[in-house]
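Engineer: Here's a structure for you.
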Amino acid sequence: MTTDVKIKLYNTLSRKKDEFIPIDSNNVRMYVCGPTVYDYAHIGNARPAIVFDVLFRLLRHVYGNEHVTYVRNITDVDDKINARAVRDYPELELNEAIKKVTKKTTDQYHKDVKALGCIDPTFEPLATDHIKGMLKMIKNLLDNNHAYIAGGEVLFDIKSMSNYGALSNRKIEDQQAGARIEIKSHKRNAGDFILWKLSNESEPGWQSPWGRGRPGWHLECSVMSEFHLGEIFDIHGGGLDLIFPHHENEIAQSCSAHNNDKMANYWLHNGFLQVEGQKMSKSLGNFITINDLLETDKFGGTKWAGDVLRLAILMTNYKEPIDFSEARLVEASRILTNWKNTILELGLDFDEENRAEIEALGPCSKLRFALADDLNMSGVIANLHRHASGKKLHNANRLFGSLQLLGLASFDSMQEWQNAKKSSKLEVNDIEQVEKAIIERLEALAQKNWVKADKIRNELEQKNILLKDTKDPKTGERVTNWEVSE
Ligand code: AMP
Ligand code: ZN
């Protein structure tokens with residue numbers, strides 16, 4: 001455990017930067033809302049995956065790898081999934097079709113976030129594996145008058161909770177006024193939300209005391225976080241669009257069910273990402289998936305490496321908005337190339353026998369302090385640039401150790417980079433050698449040293465290099481061209 005760094009985090013609940021004090025430093029616990037798996041993840045979804053991966057890495061660095069539990073769920077029951085299943089697999093029975101959609105999307109998500117350098121969370125629960133726990137929580141809420149049954153739904157009564165709205169700073173009265181037109185007759189308050197709703201025969205559903213149905217989205221996270229992390233844990237994260245209603249309602253359910261005054265101590269929210277000044281949307285044609293960037297040339301006419309995309313997201317502090325553009329990717333690529341080349345030029349050798357020693361390298365304390373200060377990436381990046389302009393092996397060590405902590409480089413990725421550089425140098429050397437041999441042969445021919453000339457030709461042939469003699473049409477001199485035979 002590295003005790004010299006104090007982590008500070010901006011807490012949406014207290015609306016200020018708070019010192020992070022875990023409930024149990026032997027088991028630091030974080031929950032982040034994961035994807036709803038109906039479609040490929042877009043680059044906005046990449047942001048929480050990357051930002052909370054950096055926080056996970058920092059917590060592991062400070063408290064030790066074995067002392068941090070990170071849960072990121074998969075929402076695999078949702079009406080958007082049902083709609084997609086009907087559209088994509090009309091010939092299949094709905095439940096079969098749903099399984100196809102969720103499996104395909106989840107597999108792709110795993111591939112995407114791995115390419116972005118994210119380490120696997122400790123647990124990745126599926127909502128559909130936790131239905132029992134959800135039924136139990138609903139019963140608890142009904143028994144304690146926090147919920148009621150109306151219109152084929154079980155609903156949470158937001159007025160049953162005295163401080164409902166504390167996270168998003170909304171008053172119940174404001175919501176009533178704003179949503180007057182939308183008030184459904186069966187709801188007691190406009191803001192009451194679904195815990196359980198009935199399914200028709202063709203919709204996915206589970207048996208329950210309130211009829212065959214399916215859970216509301218907010219309930220899933222309350223149940224899965226309790227299952228893995230307990231009633232009260234340290235950090236809960238997600239994009240800022242989740243503050244209301246999703247996180248507010250998670251708090252309402254968990255606190256009411258457990259009779260606690262809190263669910264998590266620190267609530268963290270990443271800012272939103274737009275593309276070239278506009279909200280991403282399919283109709284505007286600026287909707288970009290992670291896969292589009294990594295595997296196709298749809299954006300900027302080229303494929304982008306996962307580490308470049310990662311840096312392009314991390315270049316902006318996590319709470320601020322990002323305006324995503326090709327220029328941002330070009331800039332990230334230029335910076336990363338410079339850092340990696342500098343590490344090699346200053347003398348770090350990614351030879352297999354150095355692996356253990358190199359993998360043990362860590363960042364300097366200035367960088368750790370910047371990162372621990374609410375993931376202050378501008379400070380972090382300034383520090384990386386400082387080391388990249390240094391002249392000593394020490395700077396290479398620090399630069400690599402820092403990039404490793406941030407998930408921007410690993411021994412393997414640097415070894416690949418080093419090998420690629422070596423082989424491109426070899427090619428240049430090969431060409432130089434061939435041209436030198438040709439000149440030698442021309443000199444031998446000029447001296448009528450046929451034996452030497454033939455020897456050179458044969459040696460090159462053995463390396464699959466074929467020589468072709470022609471005459472310069474103007475001077476009549478012998479000119480030798482060469483090609484590599486198949
Ligand atoms: P979803 O699958 O839509 O529930 O989103 C998964 C995660 O991505 C949530 O934490 C969202 O807050 C986050 N998210 C969605 N869109 C964006 C965006 N454009 N920028 C940043 N985060 C986003
Ligand atoms: Zn959630």
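The values are calculated or read from the model by the stated rules, or taken from the named source; none is laboratory data. Keep in mind it's a predicted model, so treat the numbers as computed, not measured. Ideal geometry is used to build each Cβ from the backbone, glycine not excepted, and the neighbour counts take in all protein chains shown.
Engineer: Could you please tell me which pairs satisfy a Cβ distance under 7 Å, a separation of 6+ or placement on different chains, a first residue in region 71-100 that is closer than 30 Å to Leu59 by Cβ and modelled with pLDDT of 95 or more, and a second residue that is among the polar types (S, T, N, Q) and part of a loop (DSSP other than H, G, I, E, B)?
Structural biologist: Val71/Thr122
Engineer: Could I ask something else about it? Can you tell me which residue within region 313-334, out of those that are assigned to a loop (DSSP other than H, G, I, E, B) and free of Cβ contacts under 8 Å to residues at least 60 places away in the same chain, is surrounded by the most Cβ atoms within 10 Å (Cβ to Cβ)?
Structural biologist: In this case the residue turns out to be Ser325.
Engineer: Consider Gly230 carefully, then state whether it is away from ligand 1 (no atom under 14 Å from the Cβ), of a type in the set (Gly, Ala, Ser), at pLDDT 95 or above and within 26 Å of the chain's Cα centre (by Cα). Lay out the reasoning, then the answer.
Structural biologist: Values: away from ligand 1 (no atom under 14 Å from the Cβ): yes; of a type in the set (Gly, Ala, Ser): yes; at pLDDT 95 or above: yes; within 26 Å of the chain's Cα centre (by Cα): yes.
Criteria met by Gly230.
Engineer: List pairs: first in region 103-114 and over 19 Å from Lys303 (Cα atoms), second of a type in the set (Val, Ile, Thr) and at pLDDT 95 or above, Cβ under 8 Å, 6+ apart or cross-chain?
Structural biologist: Thr105/Val37; Thr106/Val37; Thr106/Ile74
Engineer: Just the residues that are within 16 Å of ligand 2 (Cβ to nearest atom), closer than 30 Å to Asp88 by Cα and in a strand (DSSP E or B), please, taken from region 13-60.
Structural biologist: Residues satisfying the conditions are Val32, Thr36.
Engineer: Going through region 258-312 one residue at a time, which ones are touching a Cys at 6+ places or on another chain (Cβ under 9 Å), charged (D, E, K, R) and crowded, with 21+ Cβ neighbours inside 10 Å? So that I can check it myself, show each step before the final result.
Structural biologist: The initial filter retains those residues of region 258-312 that are touching a Cys at 6+ places or on another chain (Cβ under 9 Å), namely 261-263, 310.
Going one step further and asking which of them are charged (D, E, K, R), we end up with 261-262, 310.
The one that is touching a Cys at 6+ places or on another chain (Cβ under 9 Å), charged (D, E, K, R) and crowded, with 21+ Cβ neighbours inside 10 Å: Arg310.
Engineer: Let me ask something else. Restricting attention to region 221-238, does a residue exist that is in contact with a strand residue (DSSP E or B) (Cβ under 6 Å, 6 or more places away or on another chain) and surrounded by fewer than 22 Cβ atoms within 10 Å (Cβ to Cβ)?
Structural biologist: yes
Engineer: Scan region 83-98 and tell me whether some residue there is out of contact with any strand residue (DSSP E or B) (no Cβ under 6 Å at 6 or more places or on another chain), within 16 Å of ligand 2 (Cβ to nearest atom) and not in a loop (DSSP other than H, G, I, E, B).
Structural biologist: no
Engineer: So, one more: What number of residues within region 34-92 are of a type in the set (A, V, I, L, M, F, W, C), more than 20 Å from Asp107 (Cβ to Cβ) and within 11 Å of ligand 1 (Cβ to nearest atom)?
Structural biologist: Final tally of qualifying residues: 2.
Engineer: Let me ask you something else. Name every residue in region 218-264 that is within 10 Å of ligand 2 (Cβ to nearest atom), of a type outside the set (A, V, I, L, M, F, W, C) and within 23 Å of Leu55 (Cα to Cα), in order of residue number.
Structural biologist: Answer for region 218-264, where residues must be within 10 Å of ligand 2 (Cβ to nearest atom), of a type outside the set (A, V, I, L, M, F, W, C) and within 23 Å of Leu55 (Cα to Cα): Ser222, Ser225, His236, Gly237, Gly238, His246, His247, Glu250.
Engineer: Taking region 350-382 only, how many residues are outside any helix (DSSP H, G or I) and farther than 14 Å from Ser402 by Cβ?
Structural biologist: Going through region 350-382 one residue at a time, the tally reaches 4.
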